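Engineer: This is the structure, below, for whatever I ask next.
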Amino acid sequence: MKILIYTDVHGNLYALNELQNSKDYKEADIRVFLGDAVMMCPYPNECLHNIWNSGDVFLLGNHDSYCAYGLPEEEFAYFKADKIEHQTYMRNKTKPEYIEKLKTMPKEYSIEVQGKKFYFTHYAWETKKLVMDDPDDPNAPSDKTGALFKDIKADYVIFGHNHKPAEFDFDNKQFVCVGSLGMKYPGNYIVINIENGMVNIETKKIYFDVEKLKQEMLKENYPRALGYSKWFEQE
């Protein structure tokens with residue numbers, strides 16, 4: 001059994017296209033997208049369309065939730081004015097029927113393969129529309145993050161949200177933070193191979209035309225385009 005997991009595409013159609021054309025993607029038995037299809041990069045509609053039409057499991061991310069419902073009042077204290085402007089711009093850019101469809105997306109997915117239980121989600125959800133506050137350095141999730149999932153019955157907890165890949169053990173579970181396909185360069189995804197009850201997890205990189213993407217972000221010149229384009233300058 002081969003499971004491919006990706007997350008945090010954030011409107012980056014170039015990274016998504018490269019992944020969907022890859023051998024790993026085409027050979028996977030199950031493909032799971034952990035959320036955040038939209039915001040940051042300029043292709044929300046194209047990314048939503050491609051993922052929904054791929055047959056992949058689609059789980060709601062916090063930015064998908066912002067697009068579906070608008071920014072929760074609890075988040076305003078953490079969002080600067082230009083970030084709110086960015087959210088509003090991208091929400092207005094997203095097709096109304098896609099906004100409505102986002103409201104129907106699940107937040108979690110579970111499977112059992114060869115006696116191993118896998119739980120997938122974007123992150124721990126606090127409410128219907130809001131994820132939990134991150135208790136850790138987002139680049140180094142640890143036991144504090146693991147404790148958010150204390151009620152989950154699984155051998156493996158696979159999540160996104162934090163854009164840097166990480167793995168750690170806590171409470172008799174193995175936690176895997178997938179990272180981000182779309183908001184770092186190169187992007188990344190993971191492949192899980194299960195054979196004879198043995199589980200192998202591999203983090204892989206995806207390369208795309210990052211300079212063209214940055215040029216298009218700056219050309220559209222939407223709120224925060226310049227700031228988000230600089231994210232790709234750091235691996």
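Engineer: What number goes with the only condition from (1) farther than 14 Å from residue 58 by Cα; (2) touching a residue at least 12 places away in the same chain (Cβ under 8 Å); (3) open to solvent by 10 Å² or more (accessible area, probe 1.4 Å) that residue 15 does not pass?
Structural biologist: Status for residue 15: all satisfied but (3).
Engineer: In segment 54-73, which residue that is in contact with a Lys or Arg (Cβ under 9 Å, 6 or more places away or on another chain) and part of a helix (DSSP H, G or I) is surrounded by the fewest Cβ atoms within 10 Å (Cβ to Cβ)?
Structural biologist: Result: 69.
Engineer: Also, quick follow-up: For segment 74-123: of the residues being assigned to a helix (DSSP H, G or I) and of a type in the set (A, V, I, L, M), which is farthest from residue 172 (Cα to Cα)? If you could, list the steps in order and put the result at the bottom.
Structural biologist: The initial filter retains those residues of segment 74-123 that are assigned to a helix (DSSP H, G or I), namely 74-78, 81-93, 96-102.
Still in the list and also of a type in the set (A, V, I, L, M): 77, 81, 84, 90, 99, 102.
Working: 77: 36, 81: 42, 84: 39, 90: 40, 99: 38, 102: 33 Å.
Taking the candidates together, the pick is 81.
Engineer: Let me ask another. Just checking, which of 168, 175 is out of contact with any Leu (no Cβ under 9 Å at 6 or more places or on another chain), part of a strand (DSSP E or B), surrounded by fewer than 17 Cβ atoms within 10 Å (Cβ to Cβ) and not basic (Lys, Arg)? Steps first, answer last, please.
Structural biologist: On the way: 175 fails: surrounded by fewer than 17 Cβ atoms within 10 Å (Cβ to Cβ).
Result: 168 is the single residue among 168, 175 that is out of contact with any Leu (no Cβ under 9 Å at 6 or more places or on another chain), part of a strand (DSSP E or B), surrounded by fewer than 17 Cβ atoms within 10 Å (Cβ to Cβ) and not basic (Lys, Arg).
Engineer: Another one. If the requirement is being part of a loop (DSSP other than H, G, I, E, B) and over 21 Å from residue 109 (Cα atoms), which of these qualifies: 208, 232, 149? Working first, answer last.
Structural biologist: Values: 232 fails: part of a loop (DSSP other than H, G, I, E, B); 149 fails: over 21 Å from residue 109 (Cα atoms).
After ruling out the rest, the residue left standing is 208.
Engineer: Please specify each residue of segment 195-228 satisfying the condition of being closer than 30 Å to residue 168 by Cα and crowded, with 19+ Cβ neighbours inside 10 Å.
Structural biologist: 206, 208, 228
Engineer: Could we say that residue 135 is surrounded by fewer than 16 Cβ atoms within 10 Å (Cβ to Cβ), farther than 21 Å from residue 52 by Cβ and of a type outside the set (Val, Ile, Thr) here?
Structural biologist: Values: surrounded by fewer than 16 Cβ atoms within 10 Å (Cβ to Cβ): yes; farther than 21 Å from residue 52 by Cβ: yes; of a type outside the set (Val, Ile, Thr): yes.
Spelling it out, residue 135 is indeed surrounded by fewer than 16 Cβ atoms within 10 Å (Cβ to Cβ), farther than 21 Å from residue 52 by Cβ and of a type outside the set (Val, Ile, Thr).
The values are calculated or read from the model by the stated rules, or taken from the named source; none is laboratory data. Since the model is a prediction, treat every value here as computed from it, not as a measurement. Using ideal geometry, Cβ is built from the backbone for each residue, glycine included, and neighbour counts are taken over all protein chains shown. These area figures cover heavy atoms from the full protein model, side chains too; ligands, DNA and RNA do not enter into them. Shrake-Rupley method; radii C 1.70, N 1.55, O 1.52, S 1.80 Å.
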